[in-house]
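Chemist: Supplied in structure tokens, the structure appears directly below.
Please treat every number below as a calculation from the coordinates, not as lab data. As the structure is a prediction and not an experimental result, all values here were calculated from the model. So basically every Cβ, Gly included, is an ideal-geometry build from the backbone, and we count neighbours across all protein chains shown.
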Amino acid sequence: MEKELIPIEEVKDTQGYGIIFIGFPVQAHSVPAKVLPFFKRLPEGQRIAFFCTHGSLRGGHLPKQALEHAFGLASKAKIMGTFGTRGKVSSHVIEALTAKAEHKAWSEEAQGAHRHPDEADLADAQEFARGIIAKVGA
Ligand SMILES: Cc1cc2nc3c(=O)[nH]c(=O)nc-3n(C[C@H](O)[C@H](O)[C@H](O)COP(=O)(O)O)c2cc1C
């Protein structure tokens, strides 16, 4: 199946899509700032699905918090589903946060993400995408 993949800051028009998948890396337990203008331009009722990568363990409350922020930002849209998986965290972020007592536990957890996303994560992502496309009939 051929789909368009567009860097989010280059999207000019969000009209006319049956479903838009929006992907982002979790940053500071939220959505990166450069994604925010895109959310504001989504047409009311536009069907969307989110996918994100994060350093935290899968299924933890921190990635969920980032997706909840995304829900709030896209409140006019119709959210069809979400998917999160682990992604490598750069060594300078790990080093900077390991030095801070309040972030030490998270940075240790995030070190375990260095081999992600792996084949299994990508297979899960594909299954997620197929499920959404089947749901919306796009
Ligand atoms: C500035 C910055 C802040 C980040 N904050 C978080 C965070 O709060 N929680 C988290 O799980 N991962 C955090 N990460 C890790 C990124 O989510 C991770 O590196 C990214 O999803 C990997 O994406 P990729 O596999 O597509 O390159 C942060 C990374 C950077 C660079």
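Chemist: Within the chain, which is the longest segment that contains none of the GluC sites (Glu not before Pro) sitting in a DSSP loop with at most 11 other Cβ atoms within 10 Å?
Modeler: Answer from the scan: 45-138.
Chemist: Answer rounded, prolate or oblate for region 38-135, using the Cα gyration tensor with square roots of eigenvalues a ≥ b ≥ c: rounded when a/c is under 1.5, else prolate when a/b is larger than b/c, else oblate.
Modeler: Here region 38-135 falls in the oblate category.
Chemist: Amide H neighbours of Arg86 under 5 Å, counting only residues 5+ apart in sequence or on other chains, H built in-plane at 1.01 Å?
Modeler: The answer is His54.
Chemist: Round to the nearest 10 and give me the degree value, 0 to 90, for the angle of helix 119-136's Cα axis relative to the longest principal axis of the chain.
Modeler: Helix 119-136 sits at roughly 30 degrees to that axis.
Chemist: Mind pulling the angle between the C-alpha long axis of helix 61-73 and the longest principal axis of the chain? Nearest 10 degrees, somewhere in 0 to 90.
Modeler: Long axis of 61-73 versus the principal axis of the chain: about 30 degrees.
Chemist: Within the chain, what percent of beta bridges assigned by DSSP are antiparallel, to the nearest 5? Walk me through the numbers before you get to the answer.
Modeler: Details: 1 of 15 bridges.
Percentage antiparallel, nearest 5: 5.
Chemist: Sum up the lysine pairs in region 8-136 that clear both bars: alpha-carbon distance under 24 Å and a spacing of 8 or more or different chains.
Modeler: Lysine pairs satisfying the spacing and distance rule in region 8-136 number 21.
Chemist: Same structure, new question: Can you find, among Pro7, Tyr17, Leu62, the residue farthest towards the positive end of the dipole of the chain? Put +1 on the C-beta of Lys and Arg, -1 on that of Asp and Glu.
Modeler: Result: Tyr17.
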